[in-house]
Amino acid sequence: MRKLLLIMTLMFLSSCSMGDSDGEQIEKVATSFSDAYFNYDFKQAERYLTSDSKKWIAYAASNIHDADVQVLRNQLDDASVQIDDIQQNDDDSTASVSVIVNNYMRIDTIGNAGRMIAEAKFHLLLVHSGSSWKVRMVGLPRSEK
């Protein structure tokens, strides 16, 4: 009986450690989304969004013009992202993530080419959806002033 209890306890502990913690999942989703979004891979970024957020990716894609594409083609390095801070809210179903983005193109006004930005900080809202975390967009990401 004791041996069975020990085996069951070990199995339980090993199964708990196999999955990522919420913090690790939040970081992975925020990093993957940000890397895709700020490198204008909207199809990939869409995978990390809640269903009601996908309209914002379509909106962002519709605002890319030939001049913007040319700016992106002329860049030697891709945008890079780094998670600055994760704040999981008390309800355990939402989190706020600060992301530092380097070397990304900020879309300018219609008729003007986007311009490259050396560094900016963005905040993302993540929600726990089913068994995974997703980014919820209520608008396009905006950098801190």
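The values are calculated or read from the model by the stated rules, or taken from the named source; none is laboratory data. Keep in mind that this is a model prediction, so the values were computed, not measured. We place every Cβ from the backbone using ideal geometry, glycine too, and count neighbours over all the protein chains shown. For accessibility, only protein heavy atoms count, side chains too; no ligands or nucleic acids. Shrake-Rupley method; radii C 1.70, N 1.55, O 1.52, S 1.80 Å.
Quick rundown of the values:
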quantity: Test: residue in region 113-121 that is assigned to a strand (DSSP E or B) and in contact (Cβ under 8 Å) with a residue 40 or more places away in the chain; calculated: yes
quantity: Qualifying positions in region 55-89 - surrounded by 16 or more Cβ atoms within 10 Å (Cβ to Cβ), at pLDDT 90 or above and of a type in the set (D, E, K, R); calculated: none
quantity: Filter result for the condition that a residue is within 25 Å of Q87 (Cα to Cα) and either at pLDDT below 95 or of a type outside the set (A, V, I, L, M) (or both), over D22, D41; calculated: D22
quantity: Residues within region 33-59 that are among the hydroxyl-bearing types (S, T, Y), more than 11 Å from the chain's Cα centre (by Cα) and either closer than 23 Å to A118 by Cα or assigned to a strand (DSSP E or B) (or both), tallied; calculated: 1
quantity: Subset of region 90-106 that is open to solvent by 60 Å² or more (accessible area, probe 1.4 Å) and outside any strand (DSSP E or B) - its residue that is farthest from S132 (Cα to Cα); calculated: D90
